[in-house]
1. Once you place label points 7 Å from the Cα toward the Cβ at residue A:318 and residue B:80, how far apart are they in nm?
2. What spacing in nm lies between the two simple spin-label points modelled at residue B:9 and residue A:212, each 7 Å away from Cα in the Cβ direction?
3. Taking a spot 7 Å from the Cα of residue A:142 along the direction of its beta carbon, which residues of region A:113-131 have an amide N less than 13 Å from it?
4. Calculate, for residue A:195 and residue A:88, the FRET efficiency according to 1/(1 + (r/R0)^6) with r their C-beta to C-beta distance and R0 30 Å; round to the nearest 0.05.
5. What translational diffusion coefficient, to the nearest whole µm²/s, does the protein assembly as shown have by Stokes-Einstein, given a Kirkwood radius computed over alpha-carbon pairs, a temperature of 37 °C and 0.692 mPa s viscosity?
6. For the residue pair residue B:118 and residue A:307, what label-to-label distance in nm results when each label sits 7 Å from Cα along the Cα-to-beta-carbon direction?
7. Defining a contact as two alpha carbons under 8 Å apart and six or more residues distant in sequence, what relative contact order in percent does chain A show?
8. Need the full-extension length gain, residue A:172 to residue A:290, defined as separation in residues times 0.36 nm minus the C-alpha distance. One decimal, nm.
Amino acid sequence: MQELIKRAKELLADGTAARVLGWRRGDLPYNPEPAFFEKEEDLDRFVYDGFCGANLSKMMIEASRLEGKTLVFLKPCDTYSFNQLLKEHRVDREKAYIIGVGCRGKLDIEKIRAQGISGITAISGAENDGPDTLKVRTIYGDRTVNYGSALLGRCHVCKGKEHKICDEQIGRSRDTKDADPYEEVRAVEAMTPEARFAFFQKELGKCIRCNACRNVCPACSCRKCVFDSTSFDSAQKANVDSFEEKMFHIIRSFHVAGRCTDCGECSRVCPQGIPLHLFNRRYIKEINELYGQFQAGEDPEATSPLTDYLAEDPEPGIIEERG
Amino acid sequence: MQVEDKKEFRPKIVAFCCNWCSYAGADLAGSSRLSYPADVKIIRVPCSCRVNPMFILRAFERGADGVILCGCHPGDCHYSTGNFYTRRRMTLLFSMLDFIGIEKGRVRVEWVSAAEGAKFSATMNEFAEKIRSLGENVRLGDIRCRS
Ligand code: SF4
Ligand code: SF4
Ligand code: SF4
Ligand code: FES
C-alpha cells in the first residue's frame, strides 16, 4: 500500500496525473470507498486492502471529462471493464494513467460474519501482501479468520491475474481460482422448470429495487437508462410501473448481455444477496456455446456477439428443440 | 351449452410481423381466404429487428399467453441484415425465459415471406394450438413477489 501511495505522490508531483482515483478508508474497518484524491496530503487516507473490491473503471467515465490525466488503480478483473468501456467510447484512454495493482482475492464481510463473528471493531492482516490469517478484533474479544475462507464468490472463479490494460504494474497477485464459473448455472439448469421458476421467484422477490446493481455495473453506462424515473428523491427509486417491477432483472441482464465482463460487482453490492451473476453467466455460457467463445473486455477491438452474426447461426427454435 | 363455451380457454396471441414479408404474407393469407385464429393480434413493425425484447416481455405483462415474431427469411431482410441480429437477440431472450422456468413454446420466431400466405396461416394455427395446450400464461406476468 505504501508503494502505491509513494508512486501516486510522484505522479502527482511530476504532473503526469492531475488527480488520483483510488480507495479511501471508510468509517468501518471493512468499508473503504472509491475516492478522488487531488492533493498529496489527501493520500493519507488512501487504502488498498482486501476490502477494496470496488471496481473503479466506471468512475473513469466521469474522470474522462476532467482536465488532465487521472491516475487510476485497477485490479486485474477491473481492466476487463475498462477495456469494455473503451470499446464503447465511454472512457478516454488518453485521460487515464493506469496502474495495475496486484490482487490476492477480495474479501466478503458477510463470509466473515458467517463464521459467527459480530461486533467487529478492527481487522488487521487484510493488506495485499499481508498474512494468510486475518486478526479480527470485536467487542466480544479477538478472533482469527483464514483469508481464503472469506473471499468473494467472484474471486473463486477469477478470470486470471493478468492486467489486460495498464501503464505500469505494482504489487503481487495470487491465484484464487478454484471453481468452475458455470457450476452454479448448471445446477439451476438441472432443475425442473417448475423448480427453476420457484427458485427465481423466491430470489427476485427479495429485491428492493435499490438500483445498486445497475449503478455499480460498468456495462450499465447509458446516459439515459430505461430504469430512470422522472421523479425526484426517494420516489425515483420506486418502480415506474408494474412492468418494471416484474421484468427488471430480465431486462437489466439482457441489456448487458455480450458486454458483461462478469466482473461480479452486481452480486457484490446487492444488499439482498440476490445471485445476479446467475443471469449474466447464463448469457455468457449460451453465447460461448452458440456463437463461439467470447470474453467481453479481453480485447477492446473485438466485435461483441450481439452486434455480430453468422449466416449459419442457429434459429431461436433451438431453445425449444434442444429439450 | 353456453356455459361450456365460456370455460373454453381462448389464448391471447400477439404476432409481431415485419412490414415487408410477414405482414404481406398475412395479407395474402387473408385475400386467399386462408383462415387463422381470431385470437392472433398482429402488430406491424418495419423490420423484425425493430422488436426490442422488451416489447415481448411487455406483451406478456399485458396479458398475452403467447408471442410470435415473424420476419423475412434470413438473407431476405428488406434492410439486408436486420433479421440476422433479431435471430441472436431472440435466441438469447428465449434462452433466458427458459432458464427462469417459463414454459418453452410461449415464444417463437418464424420466417414468412410475402408469397407464403399458406405458411402464415398454418404457422398461426399451429402456434395457437400450442398455446392452447400450454394454457394461460401465469408465470411470466408474475416472476416476482406473489407465490
Ligand atoms: S442490487 Fe439487489 S436489491 Fe438492489 S435492485 Fe439490484 S437486485 Fe434488487
Ligand atoms: S452485470 Fe454485473 S458482472 Fe456484469 S459487468 Fe455488470 S456489474 Fe459486472
Ligand atoms: S439497465 Fe440497460 S438502459 Fe439501464 S444503464 Fe444498464 S444497459 Fe443502460
Ligand atoms: S424487413 Fe423483414 S425482417 Fe427485416
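1. About 2.5 nm separates the two model spin labels.
2. Reported label-point gap for residue B:9 and residue A:212 is 4.0 nm.
3. The answer is A:122-125.
4. 0.20
5. After rounding, the answer is 133 µm²/s.
6. 4.3
7. 16
8. 38.8 nm
We did not get these values from a lab; they are worked out from the coordinates using the rules stated. The structure displayed is predicted, hence computed values, not measured ones. Virtual Cβ from ideal backbone geometry, glycine too; neighbours counted across all protein chains shown.
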